[in-house]
Amino acid sequence: MKKQILIVGSGFAGMWAAVSAARLSEQQGNNSLEIAVLAPLPELRVRPRFYEEKVSTLVAPLTDLFAELDITFIAGHAEQIDTTAKTVLYRMSNGAHATASYDRLILATGSQTKRPPIAGLADYAFDIDQLESAQVFERHLDSLALRPSTPERNTVVVCGGGFTGIELATELPARLRARFGDNTEIKIVVVERGPVIGGRYSDALRKTIAEASEALGVEWRLKSEVEAIDAHGVTLKNGERIAAATVVWTAGVEANPLSLQIDGERDSQGRLVVTETLQVPAHPDVYATGDMAHAKTDDAGNTALMTCQHAIQLGKFAGHNAAASLLNVTPYPYRQVNYVTCLDLGAWGAVYTEGWEQAVKSVRDEAKKIKIAITNELIYPPLADKTVAFAAADPLAKFV
């Protein structure tokens, strides 16, 4: 009987884990593994681009790739993990339940936006965290064009000044003017509890974000927190009221709650702390990867971030190592020394940095070209060609 590698999730980490596992099995000339991916649909949703327009097009099908590499796809939502029986209970699209068995389990179910108990948040705030919610947000923007022009209609409040909040806020002026006309006075406000713009970034990167924000007319409310959200705007804890027909929540992410079913240490974002081979210490048959894994990237104390840049490499290592453990092959310790930041800044351009010190290497149009190359090409799945896919899935090959 073949050994089963079950990968839960078809995002960046899950898709690459499957391809990497298939690669090692092929290299070993071994037909003893069955690799399966459990996810709602056989597709990669290009989540880093959900701040853009036409979000429904930001999906890459995986059916042909999986067929080419003999990867089984199981359609369903994982609901329960039994590490003793080595099974995953999942719900199919018709509501019925079924069970998938595994010898090695790779958790690649990603992350979700944190939604704290703020009054009105659940009822009135949009988000662009998942494809469906980003589509709802886009339809809402379309509907605004049917309303009379008022300061409230023309104002958007973005709650959270992290990576997603910055990219959305700087893209929104163009998105709103495309709907309202170039002569409409619009207002974009970012609410950030930190004392400076881009507080988690280097001085040079913060200055660039501030410069772009000023040029685009994006306002920042620093050292501010949301008290309540309603149908007509936001009330801050300092008492300020911002009238707005649109409020978007982008403040923080956390690992998919499926991780709570696995015994193990977690970080503040709910990610499972893993070994250098990406195994959960209490359950060596379980590998966590992508946004589910708290993993050291190097010997300098850095850990993987919740980005597709890290998820892609984490997936390649997890898939390789899970297969290696069943094929009597030495695993690879996860390492990802190179780190870059490429932040889209809307019509102003973009900014590209290198290293954990985030040294700015290019800005504006030059950086925009790099951003487009990364998000429109580099992060997409490989061609459904075994040679091409396996070459791209090598964990030791340079990604960036």
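The values are calculated or read from the model by the stated rules, or taken from the named source; none is laboratory data. Remember, it's a predicted structure, so these values are computed and weren't measured experimentally. FYI the Cβ positions are ideal-geometry reconstructions off the backbone, even for glycines, and counts take in every protein chain you see. With ligands, DNA and RNA removed, areas are computed over all heavy atoms of the protein, side chains included. Shrake-Rupley method; radii C 1.70, N 1.55, O 1.52, S 1.80 Å.
Observations
- In the chain, the portion of solvent-accessible area held by carbon and sulfur atoms comes to 49 percent [1.4 Å probe, whole percent, DNA, RNA and ligands not counted].
- Distance in nm between pseudo-label sites at Arg335 and Thr72 (7 Å out along the Cβ direction from Cα): 3.6
- Mean accessible surface per residue for the chain, computed with a 1.4 Å probe while every protein chain stays in place, in Å²: 44
- In a reduced charge model with +1 at each Lys and Arg Cβ and -1 at each Asp and Glu Cβ, region 199-317 shows a dipole moment near 220 debye about its Cα centre.
- Pair Asp123, Arg177: separation of 7 Å Cα→Cβ label points (nm): 3.6
- Phe180 accessible area, 1.4 Å probe, all protein chains in place, Å² to nearest 10: 30
- When you restrict to C-alpha pairs under 8 Å that are six or more residues apart and normalise by the size of the chain, the relative contact order lands at 20 percent.
- Taking amide H atoms as placed 1.01 Å from N in the peptide plane, the amide H of Val190 lies under 5 Å from those of Val158, Glu219, Trp220, Arg221, each 5 or more residues away in sequence or on another chain.
- Computed about its Cα centre, the charge dipole of region 112-168 is approximately 140 debye, with only Lys, Arg, Asp and Glu carrying charge at their Cβ.
- Options Ile312, Thr289, Ala251, ranked by Cα towards positive dipole end of region 235-326, top entry (Cβ charges): Ala251
- Segment Val273..Thr307, full-extension length gain: 10.6 nm, with 0.36 nm per residue of separation and the alpha-carbon distance subtracted.
- Look at the alpha carbon pairs under 8 Å that are at least 6 residues apart: their mean separation over the length of region 219-353 gives a relative contact order of 13 percent.
- Taken one residue at a time, the phi angles of region 52-61 give Karplus couplings (6.51, -1.76, 1.60, θ = phi - 60°) of 8, 7, 6, 5, 5, 8, 8, 9, 10, x Hz. Gly and Pro are set to x.
- Computed on region 11-152, with alpha-carbon pairs under 8 angstrom and 6+ residues apart, the relative contact order is 22 percent.
- Farthest toward the positive end of the dipole of region 49-196, out of Pro151, His97, Thr113, is the Cα of Pro151, where the dipole comes from beta carbon charges about the Cα centre.
- Dipole magnitude for the chain: about 160 debye, using +1 per Lys or Arg Cβ and -1 per Asp or Glu Cβ, origin at the Cα centre.
- Greater than 21 Å apart at Cα, pairs in Lys296/Lys398; Lys207/Lys371; Lys2/Lys296; Lys316/Lys386: Lys2/Lys296
- Cα gyration tensor shape of region 326-383, rounded if a/c is under 1.5, else prolate or oblate by comparing a/b with b/c: oblate
- When Thr83, Thr170 are compared by accessible surface with a 1.4 Å probe, the order from highest to lowest is Thr83, Thr170.
- The loop-placed GluC sites (Glu not before Pro) in region 170-209, going by DSSP, that have at most 15 neighbouring Cβ atoms within 10 Å of their Cβ come out as Glu185.
- When the residues Asp82, Asp64 are ordered by accessible surface, computed with a 1.4 Å probe over the protein chains alone, the sequence from largest down reads Asp64, Asp82.
- The chain: DSSP helices with Cα axial extent of at least 24 Å and average Kyte-Doolittle hydropathy no lower than -1.0: 163-180, 308-327
- Computed E for Thr87/His140 - FRET, C-beta separation, R0 51 angstrom, nearest 0.05: 0.80
- When the trypsin sites (Lys or Arg not before Pro) in region 41-113 are filtered for DSSP coil states and for at most 11 other beta-carbon atoms within 10 Å of their beta-carbon, the remaining sites are Lys54.
- Our estimate of slack between Thr184 and Ala96, defined as 0.36 nm per intervening residue step minus the Cα-Cα distance, is 26.6 nm.
- Amide H to amide H distances under 5 Å link Ser362 with Tyr352, where only residues 5 or more positions off or on other chains count and H is placed in the peptide plane.
- Packing around the peptides 220-229, 355-364, taken as the average count of other Cβ atoms within 10 Å per residue, puts them in this order, highest first: 220-229, 355-364.
- Put the Cα centre of region 331-361 next to the Cα centre of region 258-315 and the gap is 20 Å.
- For Lys369, the aspartates and glutamates whose Cα falls under 14 Å of its own Cα, not counting residues fewer than eight places away in the same chain, are Asp344, Glu377.
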